[in-house]
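So the structure is just underneath, and the comments pick up after that.
The values are calculated or read from the model by the stated rules, or taken from the named source; none is laboratory data. Fair warning: this is a prediction, and the values are worked out from it, not measured in the lab. Here the Cβ is made from the backbone with ideal geometry for all residues, glycine too, and neighbour counts use every protein chain on show.
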Amino acid sequence: MRAELLAPAGSYEGLRAAVQAGADAVYIGGQMFGARAYANNPDTDELLEAIDFTHLHGKKIYMTVNTLLKNRELEEQLYTYLAPYYEQGVDAVIVQDYGVLSFIRREFPGLPIHVSTQMAVTGPKGAALMKEAGASRIVTARELSLQEIREIYEETGMEIESFIHGALCYSYSGMCLFSSMLGGRSGNRGRCAQPCRLPYEVYDGEKRLGSKKEEYPLSPKDMCTIDILPEILDAGVYSLKIEGRMKKPEYAAGVTRIYRKYMDLYKENPKSFRVLDSDRQELLKLYQRDGFNEGYYKQHNGRNMMAVQNLKARDSREKGPGKRDEDLFSQLKVQYVDKKLQEKIYGNVILFCGSPAILDLEYGNRHVQVEGETVQEARKQPLDAERVKKQMEKTGNTPFVFEHLDVQTDEQGFLPMQSLNELRRKGLEALEKECLQPFRRVLDVRRMDGGEKKTSPKPEKSRGSKKFYVSVETWEQMEEALRRPEVDGIYCSISMFWGDSFEEKTRYAVEYIKEFGKECYLAFPYIQREKNLESKEAELMNLAGCLDGFLVRNLEELGYVKSLGLAEKAVCDHSLYAFNDASKAFLEDRGVLRTTVPLEQNGGEIRRRDNAGSEWIVYGYYPMMISAQCLKKTYNACDKKSGTVRLKDRYGNYFTAQCVCDFCYNVIYNSVPTGLLKEAEQIKALSVSAFRMNFTIEGKAETGRLLDLFLDVYKKNKDVPDQVPEFTKGHFKRGVE
């Protein structure tokens, strides 16, 4: 099977340029629900035209519906929004939201669904879960190695799509709340403000890491994989994806042109594959952030992947190596953006006196024949073949141009030029319709109940019976929680026990917690990679009997516990987004024990949500980013020991970054914890099953004080004291756009 080169289209203009430059397929967003809300996305008519354009030129078009949707959007807007594109023949949709996936599968049968990189699929178990749910393709998390991608392909047989060129997010896509928490512009809703591209100072204790010039620790260089294309293809990647819907059409065309060249060269002669330095330099001239890296395909993280110094900003002012080559962009504009693309067709015009004019047209395996007016006997000058041919070849702005046109005539008849033009128009329109007809779909009459499978509602607990859980990262925090009889259960971070004697240490903690009459859950890492948990599978199965459950935080973990037959013990954390009732139902249909109320919804939206069987996090430093990168390693200070460093932004705010070395990722926490104290009465009135406090970087004394404060209000129904610590309300008041 020939691999697919997939190009970005931030506009209809960009789509045409990418197709002309050699893309096999393009991905594009409409006016709603796309992860690039600020791109020059086409309106409905333009997008319908774009669907036809790609199909007439033998290409495919995928539509981005890759944001999280609120209940109202899913129930009232999504069907009407997608219906015309479905009927027109869009080839697939790219989705992030589990509820959207279920909705599209039900309402738009036969429409292929591609799982967005925003879902952060990191392994074969999560991919298998999506395959079972009806997805036909996985867009892998950008952090995966070639070996990890190979394992997904070999174990699931799914189509794999992976990014090969362009910008990289610092965070695992979909697991970033930085933009959302700082300014209300959510990356999960297509409005990321890119706080990762801003300057920060990094401190290990009181020591600043790096020089004063090295103040962009969260800004990755752009990815360029032109030299390792054979290895990516060999790993099982079918669709090679270029990032760049926010960039100019010339950029999309220029990058597509070069990758098209080398994909074709590799197919023709794999053994002689070699990239010219001039082509590497051209890619640099198109766009770069302080040079390129090859992404995560061959390394887990590293300083060489990061810009650190913002040379690009300097080069935009001076004529440096990162400054855009305007001559190159002008050339690309002429060659691909402004140029008209027409498909070569064969035609035959038959003009005999006394008979209707006939036009036969062929394009590939498509054939049409149309009739025009009757050819009249010429009174003066009959039409000769050359004159007819010249007139009929004026195909103008249509998708077609004649490669060969035969004219059969007795040269005794006459037709007005207007009649010839009408014959040509009629024929080309018929050919276009014939070419597009196979892509058209017809929607069944929609059942107003949506026809969806309803999950049995869980019994709503009374206001006083809601449980209170505490999540801990340290033994000190756990001890403080155990001393409070109002705490019903403890979530213990797996890092507290990881390593040698894992089962023994975990079992000891579980038995100790049970002595206090409390439930005990094991909190899995934010990211499951390289089968880390599977290395402890026997121990986890032994522990499952004494544990009350597992806190799962990503699709790979959910797929893993499901494969072990333990889904009924899974509590889905906030990072498994139950953003609407349909996505919550999706998780519950997988058999999970509980879900978690989304962190990016306001109080009103949560009130309208089905909260039965969900926990509400009422306190904690929100995780702003989960990254495969390591701030210590970026500044050559990695000691392979878990710990913390601090990020200082331009306003003097400090964000703690936790280096989780057991699983090799960083968690960057908000500078201020979220604490919902004054909102407690509103929250207690809702049908949530439980409240949760998440302790991360707090010490023993602080943990104790905060527990007393929140338990007094939530469990003992005391009034909120006048003096409380500094908290943010998170999104309780404002929500996200």
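The number of residues in the stretch 608-635 that are among the acidic types (Asp, Glu) and either in a loop (DSSP other than H, G, I, E, B) or not assigned by TED's automatic domain parsing to the domain that holds Ile527 (or both) comes to 1.
Kindly establish whether Ala35 is surrounded by 24 or more Cβ atoms within 10 Å (Cβ to Cβ) and modelled with pLDDT of 95 or more.
Working: surrounded by 24 or more Cβ atoms within 10 Å (Cβ to Cβ): yes; modelled with pLDDT of 95 or more: no.
Criteria not met by Ala35.
When each of Gly735, Gly730 is tested for being buried (at least 22 other Cβ atoms within 10 Å of the Cβ), at positive phi, small (Gly, Ala, Ser) and not in a helix (DSSP H, G or I), the lone residue that passes is Gly730.
Just to be sure before I move on: is Val667 surrounded by 20 or more Cβ atoms within 10 Å (Cβ to Cβ) and of a type outside the set (Gly, Ala, Ser) in the structure I sent? Don't jump to the end; show me each part of the working.
Working: surrounded by 20 or more Cβ atoms within 10 Å (Cβ to Cβ): yes; of a type outside the set (Gly, Ala, Ser): yes.
So Val667 passes the test.
Among the residues of the stretch 391-443, those identified as of a type in the set (D, E, K, R) and modelled with pLDDT under 95 are Asp410, Glu411.
When Asp662 is tested against (1) surrounded by fewer than 19 Cβ atoms within 10 Å (Cβ to Cβ); (2) over 17 Å from Arg607 (Cβ atoms); (3) touching a strand residue (DSSP E or B) at 6+ places or on another chain (Cβ under 9 Å); (4) not small (Gly, Ala, Ser), only condition (3) is not met. For the criterion of being in contact (Cβ under 8 Å) with a residue 12 or more places away in the chain, farther than 30 Å from Tyr651 by Cβ and surrounded by fewer than 22 Cβ atoms within 10 Å (Cβ to Cβ), Glu154 passes. Contact map, the stretch 167-181: residues that are under 11 Å from Ala193 (Cβ atoms) paired with residues that are among the charged types (D, E, K, R), Cβ distance under 7 Å, separation 6+ or inter-chain. Pairs shown: Ser179/Arg185; Ser180/Glu600. All conditions but one from (1) at pLDDT below 95; (2) over 19 Å from His114 (Cα atoms) apply to His57; the one that does not is (1).
Screening Ile164 with (1) in contact with a strand residue (DSSP E or B) (Cβ under 9 Å, 6 or more places away or on another chain); (2) in a helix (DSSP H, G or I); (3) of a type in the set (A, V, I, L, M); (4) at pLDDT 95 or above gives one miss only, at (2). Just one of the listed residues (Phe710, Phe691) is surrounded by 13 or more Cβ atoms within 10 Å (Cβ to Cβ), more than 25 Å from Arg189 (Cβ to Cβ), in contact with a Lys or Arg (Cβ under 7 Å, 6 or more places away or on another chain) and not charged (D, E, K, R), namely Phe691. Checked against the criterion of being buried (at least 22 other Cβ atoms within 10 Å of the Cβ), assigned to a loop (DSSP other than H, G, I, E, B) and not charged (D, E, K, R), the stretch 527-543 contains one or more residues that satisfy it.
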